[in-house]
C-alpha cells in the first residue's frame, strides 16, 4: 500500500532578501549623522569679529544744509533707449548685448504662449464626453441586359 503522506519535510518560507541589509544601512546612516553632531569635550566658542561698522572707512556725509545737490525725480523726461550706456561700463554693455541677442522677441513670446494655451486646451478635452460620428454610403445597381 502506498501512503498519501509525503515523505519530504515541510519547506521553510524563504526570507525576503534585503531587509536585514537595509536595516543595517539605515542604522549606519543614523549613526554617522549622530556622530556628526558631537563636537568634542574641549570645544570653545570662537571670539566675535572686532567689526565696528559695515565699512572699513567711515562714510563722509555732507553737513546738514550743505551745498550738495539733492536727488530729484524728474518727470516727463524721455529716458534713453539704451539707458545702460549712461553708466559707461563696457562689462555692462557686453552683458546687455549678450542678453538681448539671446532674448526672444515679444512676437515669438506671444506665439509660444498661444502654443502652450492650445496644448492646455487639447489636454483638457479628455475630461469632456467624446462623440464620434461615422457614416458610409454605398450605391449599386444591377441591370439586366436581356
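Here are a few things to note about the model shown:
- Using a Förster distance of 30 Å, the FRET efficiency for residue 82-residue 109 (Cβ separation, nearest 0.05): 0.90
- Residue 74 paired with residue 136, simple spin-label distance in nm, labels 7 Å along Cα-to-beta-carbon: 8.1
- Each peptide in 73-80, 24-31 was scored by the mean count of other Cβ atoms within 10 Å over its residues; highest first, the order is 24-31, 73-80.
- Chain lengthening between residue 55 and residue 42 when straightened (0.36 nm per residue, less Cα-Cα): 1.2 nm
- Prolate/oblate/rounded call for region 83-127, Cα gyration tensor, a/c under 1.5 rounded: prolate
- Label-to-label distance, nm, for residues given as residue 127 and residue 93 (7 Å Cα→Cβ offset): 5.3
Bear in mind these aren't lab numbers, they're just calculated from the coordinates by the rules spelled out. Please read all numbers here as calculations on a predicted model, not as lab measurements. Glycine gets a Cβ as well: all are built from the backbone with ideal geometry, and neighbour counts include every protein chain shown.
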